[in-house]
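Read through the structure below, which is laid out as structure tokens, and then see the notes.
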Amino acid sequence: MREKIQAYLEEINASSPASAEEAEQFRIRFLGRKGIIPALFETFKSLPPEEKKELGKSLNQLKQAASEKVNQLKNGTSRSAAQGTPSLDLSLPGEPSPVGGRHPISLVEKEITGIFSRLGFSVAEGPEIEDDWHNFSALNFPAEHPARDMQDTFFIRRDPNDTSADMALRTHTSSVQVRLMEQGKPPFRAIMPGRVYRNEAISARAHCFFHQVEGLYVDEGVSFADLKQTLFYFVQELFGVGTKVRFRPSYFPFTEPSAEMDISCSICQGDGCAMCKHTGWVEILGCGMVDPNVLSNCGVDPARYTGFAFGMGIERITNLKYQVKDLRLFSENDVRFLAQFQSEII
Ligand code: DAH
């Protein structure tokens, strides 16, 4: 029996089944219910005790060697691994790892800040949770004035008995203008991107949060002509040379005079389509000369300095550039939507 065990051990060590089928045959031959090793154990039972003592150990070793080999084969260790060579086939093609892309809102935000930085504007940011002063009062929204209803606000009540302690989710990035002017000395020339919130029902055309870019230029002698030229340049850069602009009188509490700027529809080139409601024009931003009250609220002398400001929605600009028809797509994180922008990694 000792010779038999030795021979089987050698056979096990040398065997290297090439296929799953051969490996299974190997298992059945040695370890199966009617296999070699169970049969040896059966014979072992009837051996005299001295022989048992001598052979028990080698029989167990044989069983272990067979089990180990089966495990190796199960774990996919192939013939070459059994012979000590790694089974890695370096000539096989690798598994591609998907590369992410920038979100379309980030892409457009980056493009906008890029254009203005070439005009010498720096980038500033402010908090999304604002106090009444920075979001409204400093911007010339009088208390209880209906102008506050222009934007439906999410308030955060800090003290149930005192509504004057309320904070708000900022309704526009104009609040950052105030912080910028309060913190520094003129001249100011900055662009302020960020997320804003409004208490709106979510639909294809409205959302309770979206993104804006605010612009501010305050110095001695800044005029409405500077505002027009700056925004004209911006539009040529963003939508292409030849894009027309027009300014319509408007009202904002923080600018005087105020205007809204339209561009010739970038989709139908002014011929008329659903995007421009067949007018050939689409509104892209609000703007105006900073109201002297706002300058003095922020510690800037309105007798010496003038300035212009503007604010635009990034989603709106993105819709025009990429014709996204439903605002909700921007916040749903659907990879099928987002992946369409992947080629534009910057
Ligand atoms: N804050 C305005 C809004 O959210 C946009 C705006 C209009 C910003 C005119 C300005 C401005 O700076 O001058 O609708």
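The values are calculated or read from the model by the stated rules, or taken from the named source; none is laboratory data. Given the structure is predicted, the values throughout are model-derived calculations rather than measurements. Neighbour counts are summed over all protein chains in view; Cβ atoms, including those assigned to glycine, are modelled from backbone coordinates with ideal geometry. Side chains included, ligands, DNA and RNA excluded: accessible areas come from the protein's heavy atoms. Shrake-Rupley method; radii C 1.70, N 1.55, O 1.52, S 1.80 Å.
If you check Arg158, Arg102, which single one turns out to be surrounded by fewer than 18 Cβ atoms within 10 Å (Cβ to Cβ), within 23 Å of Glu237 (Cα to Cα) and modelled with pLDDT under 95?
Arg102
Counting only residues that are farther than 11 Å from Leu73 by Cβ and either open to solvent by 40 Å² or more (accessible area, probe 1.4 Å) or not assigned by TED's automatic domain parsing to the domain that holds Leu47 (or both), segment 10-20 holds 4 of them. Taking into account only those residues within segment 161-188 that are among the charged types (D, E, K, R) and surrounded by fewer than 20 Cβ atoms within 10 Å (Cβ to Cβ), which is nearest to the ligand (Cβ to nearest atom)? If we take residues in segment 161-188 being among the charged types (D, E, K, R) and surrounded by fewer than 20 Cβ atoms within 10 Å (Cβ to Cβ), then Arg179 is nearest to the ligand (Cβ to nearest atom). Residue count for segment 238-257, restricted to those that are surrounded by 19 or more Cβ atoms within 10 Å (Cβ to Cβ) and either without any contact (Cβ under 8 Å) to a residue 60 or more places away in the chain or small (Gly, Ala, Ser) (or both): 2. Residues in segment 197-218 that are hydrophobic (A, V, I, L, M, F, W, C) and loosely packed, with under 12 Cβ neighbours inside 10 Å: Ala201, Ala204.
State whether one or more residues within segment 229-237 are open to solvent by 10 Å² or more (accessible area, probe 1.4 Å), part of a helix (DSSP H, G or I), modelled with pLDDT of 95 or more and under 25 Å from Phe330 (Cα atoms). Among the residues of segment 229-237, at least one is open to solvent by 10 Å² or more (accessible area, probe 1.4 Å), part of a helix (DSSP H, G or I), modelled with pLDDT of 95 or more and under 25 Å from Phe330 (Cα atoms), which makes the answer yes. Just one residue in the set Lys53, Lys63 is open to solvent by 30 Å² or more (accessible area, probe 1.4 Å), within 21 Å of Arg2 (Cα to Cα) and in contact with a Leu (Cβ under 9 Å, 6 or more places away or on another chain); that residue is Lys63.
Would it be correct to say that Gly221 is part of a loop (DSSP other than H, G, I, E, B), exposed (fewer than 14 other Cβ atoms within 10 Å of the Cβ) and in contact (Cβ under 8 Å) with a residue 24 or more places away in the chain? Yes, satisfied. Would you confirm, using the coordinates I've provided, whether Gly56 is modelled with pLDDT under 85 and more than 44 Å from the chain's Cα centre (by Cα)? Judged against the criteria, Gly56 is not a match.
Scanning segment 248-287 for residues that are among the basic types (Lys, Arg) and more than 35 Å from the chain's Cα centre (by Cα) yields one hit, Arg248.
For segment 276-287, give me each residue that is more than 12 Å from the ligand (Cβ to nearest atom) and either open to solvent by 70 Å² or more (accessible area, probe 1.4 Å) or part of a strand (DSSP E or B) (or both).
Lys277, His278, Thr279, Trp281, Val282
For segment 310-324, does any single residue satisfy the condition of being under 28 Å from Glu237 (Cβ atoms), of a type outside the set (Asp, Glu) and in a loop (DSSP other than H, G, I, E, B)? I'd like the intermediate steps shown before the answer.
Initially, segment 310-324 is screened for residues under 28 Å from Glu237 (Cβ atoms), giving 310-324.
Next, from what is left, pick out any that are of a type outside the set (Asp, Glu): 310-314, 316-324.
This time we only want the ones that are in a loop (DSSP other than H, G, I, E, B), so: 323-324.
There is at least one residue in segment 310-324 that is under 28 Å from Glu237 (Cβ atoms), of a type outside the set (Asp, Glu) and in a loop (DSSP other than H, G, I, E, B).
Scanning segment 288-346 for residues that are open to solvent by 40 Å² or more (accessible area, probe 1.4 Å), within 16 Å of the ligand (Cβ to nearest atom) and within 34 Å of the chain's Cα centre (by Cα) gives a single hit, Arg316. Taking into account only those residues within segment 109-156 that are within 16 Å of the ligand (Cβ to nearest atom), β-branched (Val, Ile, Thr) and not in a helix (DSSP H, G or I), which is farthest from Thr171 (Cα to Cα)? Checking each candidate, the answer is Val123. Checked against the criterion of being in contact (Cβ under 8 Å) with a residue 60 or more places away in the chain and exposed (fewer than 14 other Cβ atoms within 10 Å of the Cβ), the candidates Ser97, Ser122, Ser91 yield just one match: Ser122.
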